[in-house]
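Contents: one structure, followed by commentary.
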Amino acid sequence: MDGSNAPGKPNLAATSWALLGMLSYEYELSGYDIRKWIDWSMRFYYGSPAYSQIYSELKKLERLGLVTSRVENTGGTRNRRLYKITEAGLDAVTRWANEAPVDPPTLKHGPLLRVTLGHLTSPARLKEVLQEHVAYADEMHRKAAKDARWAGADPSWAYARVALEWAERYYANERELALKMIKELDEAEAAFPQPGKGGRTKIPWPTPEFWYEIEKKADAEEPD
């Protein structure tokens, strides 16, 4: 079966499991409905897929027999396609929620990567990057707090509210960590060895042999 390791055990991408989870409630949903719900909740901690990806995954799920769809005639210029989870789909996503291993979070932190490679720029530029990140964290914190409050409007959103409250705390902490890094940049500039004078030269850096020596000492003194 396409997308399966074995019958009854579909090997789906994380986005597909999220879509099945959205459809596990009692109502049919359009791709637009699903995208709106993801924007209201999951974007704070799992990203927000494009419409093209949502519709591509929904078609795959339909081919696998995990969802069905129908076209609703709205009487307007455009009809909508509504999706409904099948019994097989509900069984699969329930087993996934209860039995599948949970992937560890993957962190791709652009500002931190810039700080790690700070020798390629200047402390002033890094501070600008981190100030922009503070503004981003402020905005996300405000939006997560708003959505968390309004998730209290219906008891069926109780679990989603727990996740949104986590996102609210996460972005508050992200802001504080960025502000702390801004203060630490001056110390890093003072400690970092400066390249020689006379134009662009190689950045001072320990040899690989030194890296491995330090790794061995660290493992000996603080074994995992």
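The values are calculated or read from the model by the stated rules, or taken from the named source; none is laboratory data. Quick caveat, the model's predicted, so the values are computed rather than measured. Here the Cβ positions follow ideal geometry from the backbone for every residue, glycine too, while neighbour counts run over all protein chains shown. Ligands, DNA and RNA are excluded from the accessible area calculation, which covers all protein heavy atoms including side chains. Shrake-Rupley method; radii C 1.70, N 1.55, O 1.52, S 1.80 Å.
In the set ALA191, ALA148, ALA220, ALA160, only one residue is free of Cβ contacts under 8 Å to residues at least 40 places away in the same chain and closer than 30 Å to GLU26 by Cβ; that residue is ALA148.
Residues checked against (1) modelled with pLDDT under 85; (2) surrounded by 10 or more Cβ atoms within 10 Å (Cβ to Cβ); (3) under 32 Å from the mean Cα position of the chain (by Cα); (4) part of a helix (DSSP H, G or I):
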residue	(1), (2), (3), (4)
ALA188	no, yes, yes, yes
PRO195	yes, yes, no, no
LYS202	yes, no, no, no
GLU213	no, yes, no, yes
ALA218	no, yes, yes, yes
ASP224	yes, no, yes, no
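Any residue in the stretch 50-69 that is part of a strand (DSSP E or B) and open to solvent by 60 Å² or more (accessible area, probe 1.4 Å)? So far as the stretch 50-69 goes, yes, one or more of its residues are part of a strand (DSSP E or B) and open to solvent by 60 Å² or more (accessible area, probe 1.4 Å).
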